[in-house]
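Below is one structure, written out as structure tokens, with a few remarks after it.
The values are calculated or read from the model by the stated rules, or taken from the named source; none is laboratory data. Note that the structure is a prediction, hence the values are computed from the model and not measured. Cβ sites come from the backbone with ideal geometry, for glycine too, and all protein chains shown count toward neighbours.
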Amino acid sequence: MTTTRPFFVTFLAPAMLTAVILVAALFEILQYSVREFIPGSLDVGGFTLQNFVRINKPIYWGALLNTFYISLSTALASLLLSYPVAYALVRSERDWVRSILIALSITPLFTGEIVRTYSWMLMLGTDGFLNSMLQGLSILDEPLQMMYTRLGVVVALVQFSMPVMIILLATAIAHVDRDVEKAAANLGAGPLTVFWKVTLPLTSPGILSGIVVVFAWTMSAFSTPQFIGGGKILMISNLTYLQGFSILNLPFAATLSLIALVSALGSLALVTTVTKRLEQRISVN
């Protein structure tokens, strides 16, 4: 007598294997973070907490705060620029408008991160397209310094993050019950009041999810701050690369990676709690 394997076991096997590999990799990072660095060698020494003590220096705190600042600025800017696009994408009554918006929204996902970063270098350079256009229109007398600044890094990261933000916001807007908006309008509320009092609160869980996803995603950005920042704008990922591949200090690189991971997971846990409370408040009201 032969027994057939349940379908769900076969279906979940690839995901379970991926989860096991991920957990093993995370455990490897954890054990490296508490090992001693041996200069000039890829081997590691015994158990130590010195790597975590070493974090308490201005350069590392500066990189960590810089990472939070850039990630949060990118998330908020992506939200402000993406919400109108997502709203038009969902609410537009013309198919050709939706098709154009979808194409413009997801096209950046088909180009590599390095290609997009080099494109922004050509755009933001002293003699780049942006400065040439502004000077040609006599708006600026001197070139605007965008390269090697936090503003330039944020601008490039916003373009990198907007497709994901648009998709998340469009999903949230699509789930808003239009009858609720019509009811508010029938009671005398104007379009702006309906949007501010009804639509925006109902899409707040999607807004928070988009902010956290972009925030966590941006925290791991490497090539954009590396090239646009030119080594002057350090984020956790850049410091991890310098420690792991330039100095070969794998234990401290693992410590930096662990701190970035914990920060990202902490933000996800925070937004989950806030989202649940918002959903409960909206359902009560």
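Determine whether Met133 is touching a Phe, Trp or Tyr at 6+ places or on another chain (Cβ under 9 Å) and free of Cβ contacts under 8 Å to residues at least 60 places away in the same chain.
On the way: touching a Phe, Trp or Tyr at 6+ places or on another chain (Cβ under 9 Å): no; free of Cβ contacts under 8 Å to residues at least 60 places away in the same chain: yes.
So Met133 fails the test.
Residue under question is Asn51, and the condition is that it be more than 30 Å from Leu200 (Cβ to Cβ), assigned to a loop (DSSP other than H, G, I, E, B) and modelled with pLDDT of 80 or more; does it hold? It would help to see each step written out before you state the result.
Details: more than 30 Å from Leu200 (Cβ to Cβ): yes; assigned to a loop (DSSP other than H, G, I, E, B): no; modelled with pLDDT of 80 or more: yes.
Criteria not met by Asn51.
Spot the failing condition for Thr240; the list is (1) more than 16 Å from the chain's Cα centre (by Cα); (2) among the β-branched types (Val, Ile, Thr); (3) modelled with pLDDT under 85, and only one is missed.
Condition not satisfied by Thr240: (3).
Residue check: is Ser73 part of a helix (DSSP H, G or I) and either touching a strand residue (DSSP E or B) at 6+ places or on another chain (Cβ under 8 Å) or more than 30 Å from Asn249 (Cβ to Cβ) (or both)? Quick ask: steps written out before the conclusion?
Values: part of a helix (DSSP H, G or I): yes; either touching a strand residue (DSSP E or B) at 6+ places or on another chain (Cβ under 8 Å) or more than 30 Å from Asn249 (Cβ to Cβ) (or both): no.
Answer is no for this residue.
Can you name the residue in the range 106-154 that is polar (S, T, N, Q) and outside any loop (DSSP other than H, G, I, E, B) and, of all such residues, is nearest to the chain's Cα centre (by Cα)? Step through it out loud before you land on a result.
So the first thing to find is which residues in the range 106-154 are polar (S, T, N, Q), and the list is 107, 111, 117, 119, 126, 131-132, 135, 138, 145, 149.
Subsequent filtering for residues that are outside any loop (DSSP other than H, G, I, E, B) retains 107, 117, 119, 131-132, 135.
Details: Thr107: 17, Thr117: 16, Ser119: 20, Asn131: 27, Ser132: 30, Gln135: 33 Å.
Filtering the range 106-154 for residues that are polar (S, T, N, Q) and outside any loop (DSSP other than H, G, I, E, B), the one nearest to the chain's Cα centre (by Cα) comes out as Thr117.
Hey, can you tell me all the residues within the range 25-58 that are touching a residue at least 40 places away in the same chain (Cβ under 8 Å) and within 23 Å of the chain's Cα centre (by Cα)?
Passing the criteria: Leu26, Ile29.
Can we say Ile106 is of a type in the set (A, V, I, L, M) and under 30 Å from Tyr148 (Cα atoms)? Full working, then the answer.
Working: of a type in the set (A, V, I, L, M): yes; under 30 Å from Tyr148 (Cα atoms): yes.
Considered against the rule, which asks whether it is of a type in the set (A, V, I, L, M) and under 30 Å from Tyr148 (Cα atoms), Ile106 comes out as yes.
What tally of residues in the range 155-206 results from selecting those that are surrounded by fewer than 20 Cβ atoms within 10 Å (Cβ to Cβ), assigned to a helix (DSSP H, G or I) and small (Gly, Ala, Ser)?
Within the range 155-206, residues that are surrounded by fewer than 20 Cβ atoms within 10 Å (Cβ to Cβ), assigned to a helix (DSSP H, G or I) and small (Gly, Ala, Ser) number 5.
Of everything in the range 127-154, what is hydroxyl-bearing (Ser, Thr, Tyr) and either surrounded by 19 or more Cβ atoms within 10 Å (Cβ to Cβ) or in contact with a Gly (Cβ under 9 Å, 6 or more places away or on another chain) (or both)? Give them in sequence order.
Going through the range 127-154, the residues hydroxyl-bearing (Ser, Thr, Tyr) turn out to be 132, 138, 148-149.
Result: Tyr148, Thr149.
Consider Val44 carefully, then state whether it is surrounded by 10 or more Cβ atoms within 10 Å (Cβ to Cβ), touching a strand residue (DSSP E or B) at 6+ places or on another chain (Cβ under 7 Å) and either under 21 Å from Ala174 (Cα atoms) or at pLDDT below 85 (or both).
yes
Test Ile247 against the criterion of being over 24 Å from Pro84 (Cα atoms), buried (at least 17 other Cβ atoms within 10 Å of the Cβ) and either modelled with pLDDT of 85 or more or of a type outside the set (Ser, Thr, Tyr) (or both), and give yes or no.
Numbers: over 24 Å from Pro84 (Cα atoms): yes; buried (at least 17 other Cβ atoms within 10 Å of the Cβ): no; either modelled with pLDDT of 85 or more or of a type outside the set (Ser, Thr, Tyr) (or both): yes.
Here the answer is no, as Ile247 does not meet what is asked.
Sort out which residues of the range 88-105 are in contact with a helix residue (DSSP H, G or I) (Cβ under 6 Å, 6 or more places away or on another chain), among the hydroxyl-bearing types (Ser, Thr, Tyr) and assigned to a helix (DSSP H, G or I), and write them in order of number.
Ser105, the sole residue that qualifies.
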